[in-house]
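Input: a single structure, listed below in C-alpha cells.
Read-outs throughout are calculated quantities, based only on the coordinates presented, and are distinct from any laboratory measurement. These figures come from a predicted structure and were not determined experimentally. Note: ideal-geometry Cβ built from the backbone for every residue, glycine included; neighbour counts use all protein chains shown.
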Amino acid sequence: MEYLGVGKGEFRAEYEVNRSLFIATVTRIEDVDEGFSFLQSIRRRYPDATHNPYAAVGSPASGAFRFSDDGEPQGTSGAPILNALKKQSLYHTAVVVTRYFGGIKLGAGGLVQAYSHAAVLGLEASEIVRYRLSESYSLSLDYKELGAVEQLLRASEAVISDTRYTDSVEIDFSVPTEKAKEFLTSFQALSAGKLDRLKTYERKYITYKR
C-alpha cells in the first residue's frame, strides 16, 4: 500500500491580491489532531493576522479530515484548502493559509479563489513524496559480497537508511512490502541460504521519491 504526502519540514508560499496577503504553510502530520496543533502554532507565529483557515487530512485508512474557515464566510476558505489537498490525493498533510486583510473586500467568490490559489501555491512549493508500506531489515555481510548485495537492493527498490563499515559491512534498509518476498528469495540464493545474517525489525511506511 502506498500514498502521497509531503516530506518532512515546513513549506511556505505567499500570494497577494487587492492588498490582502495570503501565506500558505504546509507540513506533514500524523493525524488530524496534530493538524489542529499545527494550526495553533501558526496562530502564535502570526498573532496579528486577520484569519487562519486550514485543512488537515489524516491517513488513507482513517479517511479523517478537518477544516475551518476561521471567521471567514462559510465555505470560502477551509473547504477550498481541503479541495486543493484532495485534488492531489495527499494524506498526512495540513495546510494553513494565513490572511492579512488589506482593506479591500474580495467577496465570496474572490475569497474562494484566493484561498484555493494560495493553498495550491503552498503545495507546489512543497516536496511531494510517496510513502510505501515497507519491511525494514539489518544485514551483516563481507566486503566481497557488497557489490552483489547492492545490485540486489537496487533491483528491489530498497531505501538504505544507514551503512556501517568495520571488519564487515552492516546495512540498514527497507524494501517495499510487495517486493519483500521476491527480495528474500533472491537474497537466499545469493547468500547460499544464510538468512540468519538478515534481521527483520519493523514494518512501516518509508519515504520514496515520487
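Among the listed pairs 8/144; 87/199; 8/87; 105/209; 87/209; 87/181, a Cα-Cα separation exceeding 31 Å is found for 8/144; 87/199; 105/209; 87/181.
Computed over the chain with a Gaussian network model linking Cα atoms closer than 10 Å, the most mobile of 176, 73, 53 is 73.
From the helices alone, meaning DSSP H stretches of at least four residues, give me the mean residue ellipticity at 222 nm for the chain, per-run term -39500 (n - 2.57), in deg cm²/dmol to the nearest 500.
The helix-only estimate for the chain comes to -10000 deg cm²/dmol at 222 nm.
May I ask for the angle, rounded to the nearest 10°, between helix 32-45 and the longest principal axis of the chain, with both axes built from Cα atoms and the value confined to 0 to 90°? So the helix axis and the longest Cα principal axis differ by about 60 degrees.
Calculate I(q)/I(0) for the chain by the Debye formula, one identical point scatterer on each C-alpha and no solvent, and give its log10 at q = 0.09, 0.11, 0.14 Å⁻¹ to two decimals. Taking Cα atoms of the chain as identical point scatterers yields -0.48, -0.62, -0.79.
Counted over all Cα-Cα pairs of segment 149-204, pairs farther apart than 13 Å make up 63 percent. GNM on the chain, alpha-carbon springs under 10 angstrom: the most fluctuating residue among 156, 191, 136 is 191.
Using θ = phi - 60° in the Karplus curve 6.51 cos²θ - 1.76 cosθ + 1.60, the 3J(HN,Hα) couplings for segment 2-15 round to 8, 8, 9, x, 8, x, 6, x, 10, 10, 9, 8, 10, 8 Hz; x is entered for Gly and Pro.
Considering Cα pairs under 8 angstrom that are at least six residues apart, work out the relative contact order of segment 130-208 and quote it in whole percent. Computed over segment 130-208, the figure is 51 percent. Pick from 28, 164, 19 the residue whose mean-square fluctuation is largest in a GNM of the chain, springs joining Cα atoms under 10 Å. In this elastic network of the chain, the residue with the biggest mean-square fluctuation among 28, 164, 19 is 164.
Order of 174, 89 from fewest to most other C-beta atoms within 10 Å?
With the sparsest Cβ surroundings first, the list reads 89, 174.
For segment 48-110, the set of trypsin sites (Lys or Arg not before Pro) satisfying both a DSSP loop assignment and a count of at most 14 other C-beta atoms within 10 Å is given as 105. Dimensions of segment 98-210 based on its C-alpha atoms, expressed as ranges along the principal axes with the largest first, amount to 73, 29, 22 Å.
For residue 36 and residue 88, the FRET efficiency from 1/(1 + (r/R0)^6), where r spans their Cβ atoms and R0 equals 22 Å, is about 0.55.
Projecting the Cα atoms of 140, 51, 92 onto the dipole axis of the chain, where Lys and Arg carry +1 and Asp and Glu carry -1 at the beta carbon, places 51 farthest toward the positive end. For residue 20, nonlocal amide neighbours, meaning residues 5 or more places apart or on other chains whose placed amide H falls under 5 Å from its own, are 102.
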